[in-house]
Amino acid sequence: QATAEAVALRRTLCDQADGLAGDDALTDLASVRASWAALPPCPDASEAARWDRRFEESCRSCEARHRRLLQQRAERERAARVCAELERLAGHGEFPRARGEWQALARAWRELAAGGFDDAALASRFAEAENRLRAREAEAREQQAREQQANLARLEALCAEVEGLAASGEP
């Protein structure tokens with residue numbers, strides 16, 4: 001009966017450690033560890049060793065979950081910054097100068113996605129900003145083509161004028 005009671009206490013603490021998550025997980029884990037350390041000895045040494053291993057696995061799992069939580073939060077913040085910067089660029093960037101910055105932001109986004117980051121709302125923001133950039137880039141190309149055509153027409157008119165002057169024989 002003493003062994004069964006010791007095992008039940010250990011199982012409860014292992015289950016508590018397995019269930020810890022969120023910002024306070026490490027603080028709560030410290031409390032569970034303190035409770036574990038205060039447990040009375042288990043009469044069965046093999047059971048005690050088995051539950052000690054199980055408890056350490058539960059603690060390592062809790063710590064790993066907390067690290068993943070922090071990593072996911074950092075990735076989300078990075079993705080939000082990338083989106084905000086791309087949105088800023090989509091609203092005010094000048095082409096072709098903005099192209100390099102756009103490519104760097106797209107590369108950062110691909111790195112996040114390759115690492116497993118997946119947030120539909122941020123992905124939608126990113127895609128929308130990229131579409132606006134593509135449209136602005138197309139407008140910039142069209143404007144540049146119009147300016148080049150206008151310059152060509154002016155140069156052709158100047159050439160015709162110079163050829164006319166040269167043909168007239170008067171300097």
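For this structure, a couple of remarks:
- Evaluation of HIS66 against (1) open to solvent by less than 80 Å² (accessible area, probe 1.4 Å); (2) within 28 Å of ASP24 (Cα to Cα); (3) at pLDDT below 95 (one fails), failing number: (3)
- Of all the criteria given as (1) farther than 30 Å from GLU137 by Cα; (2) open to solvent by 80 Å² or more (accessible area, probe 1.4 Å), the one not satisfied by ARG54 is (2).
- Residues of the stretch 103-122 that turn out to be in a helix (DSSP H, G or I) and open to solvent by 40 Å² or more (accessible area, probe 1.4 Å), as a count: 9
- Residue within the stretch 59-69 that is assigned to a helix (DSSP H, G or I), in contact with an Asp or Glu (Cβ under 8 Å, 6 or more places away or on another chain) and farther than 30 Å from CYS14 by Cα present: no
- The lone exception for GLY91 - which of (1) of a type outside the set (Asp, Glu); (2) open to solvent by less than 20 Å² (accessible area, probe 1.4 Å); (3) under 30 Å from ALA135 (Cβ atoms) it fails: (2)
- The condition (being more than 52 Å from the chain's Cα centre (by Cα), open to solvent by 90 Å² or more (accessible area, probe 1.4 Å) and closer than 28 Å to PRO96 by Cα) is satisfied by just one residue among GLU128, GLU142, GLU156, GLU161: GLU156.
- ALA21 touching a residue at least 12 places away in the same chain (Cβ under 8 Å) and assigned to a loop (DSSP other than H, G, I, E, B): yes
The values are calculated or read from the model by the stated rules, or taken from the named source; none is laboratory data. Computed from a predicted structure; not experimentally measured. Note that we place each Cβ from the backbone using ideal geometry, even for glycine, and neighbour counts take in every protein chain shown. The area values use the complete protein model at the heavy-atom level, side chains included, leaving out ligands, DNA and RNA. Shrake-Rupley method; radii C 1.70, N 1.55, O 1.52, S 1.80 Å.
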